[in-house]
Amino acid sequence: MSLLHLYRTPGLSAAARYALLQMARQRVSPDIQSIDTEYCFNIDAADELTAGEYGVLRWLLSETFEPERFDGDSFLASSAGVLLEVGPRMNFSTAWSTNAVSICQACGLRKVRRIERSRRYLLKGVARLSEEQAWAFLSEVHDRMTETPYPEPLRSFETGVKPEPVQEIPVLEEGRAALERVNREMGLAFDEWDLDYYTKLFREKVGRNPTNVECFDIAQSNSEHSRHW
């Protein structure tokens, strides 16, 4: 089932839009006359919503005192300029989505599985932007670690990426040498103490082989900023 889209405008306050416009005129193109913005709610549901469910969802996502600023159709006409969109990466659900889905579930919307909110920008006064100009703007309005540009409206949250199979590290059979090997291959940064400690832990106390996932998790727990023994 394709995603349901709902829209709310504006996506930025007037002051934030003005600051963004000044930046865009300096770094992208002096021909940009104005910037309109909106949020797009990308909604994944297990089945088609009934009229009642759709009404509840609209009520949850719209601003209570500004219903005219919320609709099932976009407020931004791409024919009026260049339309750019950014939002969360698809390989994980955001904290915002988790909270939104929990609220939907509490309100009886059991079909809603995930909601991600993207931001859309309409740059008026320009008919097109070069790839360099578009990236100059996009780099200012999204976090490249957790977000990505959407070249077209989302149709699905599927990424097409399949996780690699979990593998056992043969510590019981090969001892410390097995941990040394996975340490090199995965860049786990285990030192001499770590290698001795975890070899002994799995061979003598746990009594089984660790998986590569467990080794990676241990490495994260050992990182300097999160080593909470």
Cβ charges +1 (Lys, Arg) and -1 (Asp, Glu), total dipole of segment 69-135, debye: 320 debye
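How large is Rg over Rh for the chain, taking Rg from the Cα atoms and Rh as the Kirkwood inverse mean of 1/r across Cα pairs?
Working: Rg = 24.1 Å, Rh = 21.4 Å.
That ratio is 1.13, to two decimals.
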Relative contact order for the chain: what is it in percent, counting Cα pairs under 8 Å that are at least 6 residues apart? 22 percent
In Å², and per residue, what accessible area does segment 18-126 have when probed at 1.4 Å with the other protein chains present? 52 Å²
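Under a point-charge model restricted to the Cβ atoms of Lys and Arg (+1) and Asp and Glu (-1), what is the dipole moment magnitude of segment 166-229 relative to its Cα centre, in debye to the nearest 20?
Result for segment 166-229 is approximately 140 debye, rounded to the nearest 20.
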Can you return the aspartates and glutamates within cross-link range of Lys124? Criterion is Cα-Cα under 17 Å, with same-chain partners fewer than 8 residues away left out. Asp31, Asp36, Glu38, Glu85
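Could the peptides 179-185, 161-167, 50-56 be put in order, highest first, of the mean number of other beta-carbon atoms found within 10 Å of their residues?
On the way: 179-185: 16.1, 161-167: 7.6, 50-56: 12.6.
With the highest mean Cβ count within 10 Å placed first, the list reads 179-185, 50-56, 161-167.
Give, in nm to one decimal, the length gained when the segment between Arg113 and Glu152 is fully stretched (0.36 nm per residue of separation minus the Cα-Cα distance). Please report the intermediate quantities before stating the final value.
On the way: separation 39, 0.36 × 39 = 14.04 nm, distance 2.18 nm.
Gain on extension, Arg113 to Glu152, equals 11.9 nm.
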Can you pull the one-decimal nm distance between simple spin-label points at Arg208 and Ser2, each 7 Å off the Cα toward Cβ? 4.5 nm
Accessible area of segment 1-72 belonging to carbon and sulfur atoms, whole % at 1.4 Å probe: 51 percent
Partner lysines for Lys111 [C-alpha distance under 26 Å; skip if fewer than 8 residues away on the same chain]: Lys162
Using +1 on the beta carbon of Lys and Arg, -1 on that of Asp and Glu, and nothing else charged, what's the dipole of the chain about the Cα centre, debye to 20? 440 debye
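Which FRET efficiency value, to the nearest 0.05, is calculated for Glu66 and Ser139 with the Förster distance at 22 angstrom and r the Cβ-Cβ distance? Let's see the in-between values first.
Working: r = 31 Å, r/R0 = 1.40.
Plugging the Cβ-Cβ distance into 1/(1 + (r/R0)^6) gives 0.10.
The values are calculated or read from the model by the stated rules, or taken from the named source; none is laboratory data. In this text, all values refer to a predicted model and were calculated from it rather than measured experimentally. Cβ sites come from the backbone with ideal geometry, for glycine too, and all protein chains shown count toward neighbours. Just the protein is used for accessible areas: all its heavy atoms, side chains included, with ligands, DNA and RNA removed. Shrake-Rupley method; radii C 1.70, N 1.55, O 1.52, S 1.80 Å.
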